[in-house]
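Asks: This structure is in structure tokens; I'll ask about it shortly.
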Amino acid sequence: MTKIKTIGILTSGGDAPGMNAAIRAVTRSGICNGFNIKGIYRGYDGLIKGEVKPFTTEDVSGIITRGGTILKTARSKEFATLEGMQKAFETCKKEEIDALVVIGGNGSLKGARDFGMEFDFPVIGLPGTIDNDLYGTDTTIGYDTTMNTIMECADRIRDTANSHERIFFIEVMGRDAGFLAQNCAIACGAEAAIVPEEVTDVDQLAEFMGRGIRKSKKSCIVIVSESPKCGALYYADRVKHEFPGFDVRVSILGHLQRGGSPSARDRIVASCMGVGAIQAIKQGQRNVMIGYSKNEIVYVPFSECIRTDKRFDKRLITVLNELSI
């Protein structure tokens, strides 16, 4: 393997609080270990177009407190093609970039895997996604901050739900995973969570209403994972028709879940992962994601973290059900 001298770093896909902390950590740890660092703007699109800038420690000064990503981010259709990846590889050669650190979610890491395999190029991934749906890591960059944001919103909505004796369906993000919805439901004392992991023959809404909620409570909160077919609006409409005695409202939190200053945990996790990425490159690792398991940095092959579904702890459903009586 050619000796690595310069490392490029980019953020891709949806932004997540803590990405800047990861950028800072990769940059400073890389420089500390003798590497040149180059920031790549606007994700894979920026790599294709050559939007590259040499980074110094000053470039990442003061960014650990900021949400979003100073490198900007984008989803690139062109990079999904061989022609697009070839252009990205030409940029790497032109800029003398010998390895990449990619911060992003499932789609971003899939792109990193494909690029690394196609051109035999060292790529290290950091799990930057609020959904916490990547296998091999206990938490992802941005997940803790987003949980706290949702909890604060739900607490405020609880006040008006109680005042007007209403049922509120609060829709949260999560892609195809219910980690945000289930854990936030417990944290904010919600009466129920409707998550994709429980979409079976069981009617989650009927179960929730059947637990005696109509007899014991006149107001309640239900956290719902986003879904194009069965989101919060769908369940609210069902209650209006099947249980007309209730006053029902919907709150879709949307993109406010992504913003805000990252929590202490996200800053620490992102910082440790960023340092872990540089250590992985020093060790000759490639095509791995840096995970965080049992408070330790672990290396997870892209093939595992992308293809393997992260286990959903269904014991949390029991916890919520027992606490919401």
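The values are calculated or read from the model by the stated rules, or taken from the named source; none is laboratory data. Computed from a prediction, not measured in an experiment: that's the story for all the values here. A quick note on method: Cβ atoms are made from the backbone with ideal geometry, for glycine too, and the neighbour counts reach across all protein chains shown. Accessible surface is based on the protein model in full, side chains and every heavy atom, while ligands, DNA and RNA are left aside. Shrake-Rupley method; radii C 1.70, N 1.55, O 1.52, S 1.80 Å.
Asks: Please enumerate, by chain and number, the aspartates and glutamates with C-alpha under 19 Å from the C-alpha of Lys218, excluding those fewer than 8 residues away in the same chain.
Replies: Within the straight-line cut-off, Lys218 pairs with Asp155, Asp159, Glu165, Glu191, Glu207, Asp237, Glu242, Asp247, Glu322.
Asks: Follow-up. Could you do me a favour and compute the accessible area per residue for the chain, 1.4 Å probe, result in Å²? Intermediate results must be reported in sequence, preceding the final value.
Replies: Numbers: 14640 Å² over 325 residues.
Roughly 45 Å² per residue, with all protein chains present.
Asks: Determine the calculated [θ] at 222 nm for the chain from helices alone, applying -39500 (n - 2.57) to every DSSP H run no shorter than 4 residues and normalising by the residue count; nearest 500 deg cm²/dmol. Please list the in-between numbers first.
Replies: Numbers: 11 runs with 128 residues, N = 325.
The helix-only estimate for the chain comes to -12000 deg cm²/dmol at 222 nm.
Asks: With axes computed from alpha carbons, what is the tilt in degrees of helix 106-118 against the longest principal axis of the chain, rounded to the nearest 10 within 0 to 90?
Replies: Its long axis makes an angle of about 30 degrees.
Asks: Specify the angular offset, from 0 to 90 degrees and rounded to the nearest 10, of the alpha carbon long axis of helix 82-94 from the longest principal axis of the alpha carbons in the chain.
Replies: The two axes meet at around 50 degrees.
Asks: A further question on this structure: Explain nothing, just the number: relative contact order of the range 1-117, from Cα pairs under 8 Å at least 6 residues apart, as a whole percent.
Replies: Working: 218 pairs, mean separation 44.1, N = 117.
Answer for the range 1-117 is 38 percent.
Asks: What accessible area, in Å² to the nearest ten, does a 1.4 Å probe give for Tyr292?
Replies: 30
Asks: Another question about this same structure. Which of the lysines could be linked to Lys229 by a straight reach, that is with a Cα gap under 23 Å, when you skip same-chain ones fewer than 8 residues away?
Replies: Partners within reach: Lys240, Lys310, Lys314.
Asks: Once ligands and nucleic acids are excluded and a 1.4 Å probe is used, how much of Thr6 is accessible, expressed in Å² to the nearest 10?
Replies: Roll a 1.4 Å probe over it and Thr6 shows about 10 Å².
Asks: With r as the distance between the Cβ atoms of Gln86 and Thr56 and R0 = 30 Å, compute the FRET efficiency 1/(1 + (r/R0)^6) and round to 0.05.
Replies: Numbers: r = 30 Å, r/R0 = 1.00.
Computed FRET efficiency for Thr56 and Gln86: 0.50.
Asks: Helix 232-242 versus the longest principal axis of the chain: what is the Cα-based angle in degrees, 0 to 90, to the nearest 10?
Replies: Computed tilt is about 10 degrees.
Asks: DSSP beta bridges in the chain, what fraction antiparallel, as a percent rounded to 5?
Replies: If we restrict to bridges inside the chain, about 25 percent are antiparallel.
Asks: Here is a further query. Could you give me D for the chain, from Stokes-Einstein at 4 °C and 1.567 mPa s, where the hydrodynamic radius is the Kirkwood radius over C-alpha pairs? Units µm² s⁻¹, please. Numbers along the way, then the final one.
Replies: Numbers: Rh = 20.7 Å.
After rounding, the answer is 63 µm²/s.
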